[in-house]
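Let me begin by presenting the structure, written as structure tokens, before commenting on it.
Derivation of every value follows stated rules applied to the coordinates shown; laboratory data play no part. Just so it is clear, the structure is predicted and the values come from calculations on it, not from any experiment. Every residue, glycine among them, receives a Cβ derived from its backbone with ideal geometry; neighbour counts consider all protein chains shown.
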């Protein structure tokens, strides 16, 4: 069994790991790189492996940093199945089509405004590529053993984090490797905790929050404080949020605040067609989350859904306090840019960063205190309040990650720490060695390991 890391090494994006076992070539996740330009440019490079040689893709969950490069596989000749859970497959249909549409829109914008070094500008992939990809999605239940031939068995188990998110266990001939995927929190507001106790010879664990703990303060209370003080000065609260997971968690937090009458009865706006569609998946997959049907319906009834561009633009003409949730979560694109370019210039308003902000993103710049941001080709001053609420993150923190590892059921031969910024990944590596005495390392980009017992 061999394993090569083609992404998520010293970064939280671009998850792609190739496992070669019993003549099978299995790619675990196929995500886009995000953040710093040097990382984003990898998306345009030739794939570092032959897509035609892959037997299957094992997709842990639908977020774009794990699924977003799947259409590139189709364009490069991949013809096999993409195995994932039913909820993840449903969300992929939403996310991949939207990402392809945004790629096409950006190319058209650059060509229209002559803002390109290449004539003409081309999208990374098209909606046609995404549609082809969707036909390859094959659904598997969590806990089900998938037989891939030659005595290779794969099992998906609940990882928390978002709907359908899974850890992936690959086993052959007594050897096994376990990929954590993105792990959720033990005390998540919406999702069930990750399943524990999967024994494996080798473990690949994420480390997004590998160097920190979620604050002990109540995140919902903090959000309520921010909304009350912003509304008191007549301002608007802008919340950049990922369409899947974060938007629904925020809606539930706001629903709780409204039910408790802890915030004024101001409008709650979800300005994201993708997030609106993702919210409907919570109705179709009640087995994947903690919320009751009444709570899901209450969230939907509370929220004004904005689908069209004209409706979104009309929000800029409003002159009363409200909360606007819009993508993207790290302010890298989407409708949040238009709202930030306008509302961010006024001190009465507040921008709430509700989760991890990868280096090189506008969200990270805001978190670092930037007084201006480049949007639509020019620098826009930022005078609004910027507040961070890390307690709403759907990612396991260091304590959660160590708890999941400690409950594996046996000491692995080695732990590979991925999907984290350098400081976070190395901090978790050190904790694994000090707390458990296990071998742990942070792999390099394109590094290959032969998995054999010592």
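Compute the semi-axes of the equivalent ellipsoid of segment 386-433, taking the square root of 5 times each eigenvalue of the Cα gyration tensor, and list them largest first in whole Å.
Working: eigenvalues 114, 37, 12 Å².
That gives 24, 14, 8 Å for the three semi-axes.
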Exercise for review: Among DSSP beta bridges lying fully in the chain, give the percent that are antiparallel, nearest 5.
Suggested key: 45 percent
Check your understanding: Which peptide among 309-315, 98-104, 175-181, 251-257 comes first, and what is the full order, when sorted by highest mean count of other Cβ atoms within 10 Å?
Key -> 175-181, 251-257, 98-104, 309-315
Practice item. Any chance you could list P(r) for segment 160-220, counting all Cα-Cα pairs in 10 angstrom bins from zero, rounded to whole %? Key: 19, 45, 26, 8, 1
Practice item. For the chain, find the longest principal axis of its Cα atoms and tell me its angle to the long axis of helix 219-232, 0 to 90°, nearest 10. Key: 20 degrees
Revision key, fill the gap. Proxy exposure order for 442, 205 (fewest C-beta within 10 Å first) is 442, 205
Exercise for review: Would you mind pulling out the separation of the Cα centroids of segment 185-250 and segment 285-352, in Å?
Suggested key: 17 Å
Revision key, fill the gap. To the nearest 10 degrees, the tilt of helix 246-259 (Cα long axis) against the first principal axis of the alpha carbons of the chain is 50 degrees
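Using alpha carbon coordinates only, what is the Rg to Rh ratio of segment 1-121, with Rh defined as the Kirkwood radius? Don't skip to the answer; put the middle values down first.
On the way: Rg = 15.2 Å, Rh = 15.2 Å.
The Rg/Rh ratio comes out at 1.00.
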**Study point:** Isotropic mean projected area of the C-alpha convex hull, segment 219-392 (nm²)
**Key:** 9.4 nm²
Exercise for review: Go ahead and estimate [θ] at 222 nm for the chain from helices alone: -39,500 (n - 2.57) per DSSP H run with n ≥ 4, summed, over the residue count, rounded to 500.
Suggested key: -9500 deg cm²/dmol
Practice item. Take peptides 433-441, 386-394 and line them up by average Cβ neighbours within 10 Å, highest first, as a rough protection proxy. Key: 386-394, 433-441
Exercise for review: Take the Cβ-Cβ distance between residue 41 and residue 213 as r, set R0 to 35 Å, and report the resulting FRET efficiency rounded to the nearest 0.05.
Suggested key: 0.55
Review point. For a paramagnetic label modelled at 7 Å from the Cα of residue 452 toward its Cβ, which residues of segment 1-39 fall within the zone defined by backbone nitrogen distances under 14 Å?
Key: 1-3
Check your understanding: What is the P(r) of the chain, as percent of Cα-Cα pairs per 10 Å bin from 0?
Key -> 4, 21, 32, 26, 13, 3, 0
Study note, to complete from the structure: For segment 16-62, the Debye formula with one identical point scatterer on each Cα and no solvent gives log10 I(q)/I(0) at q = 0.17 Å⁻¹ as -0.56
Review point. Mind listing P(r) for segment 295-369? All alpha-carbon pairs, 5 Å bins, whole percents.
Key: 3, 13, 23, 23, 19, 13, 5, 1
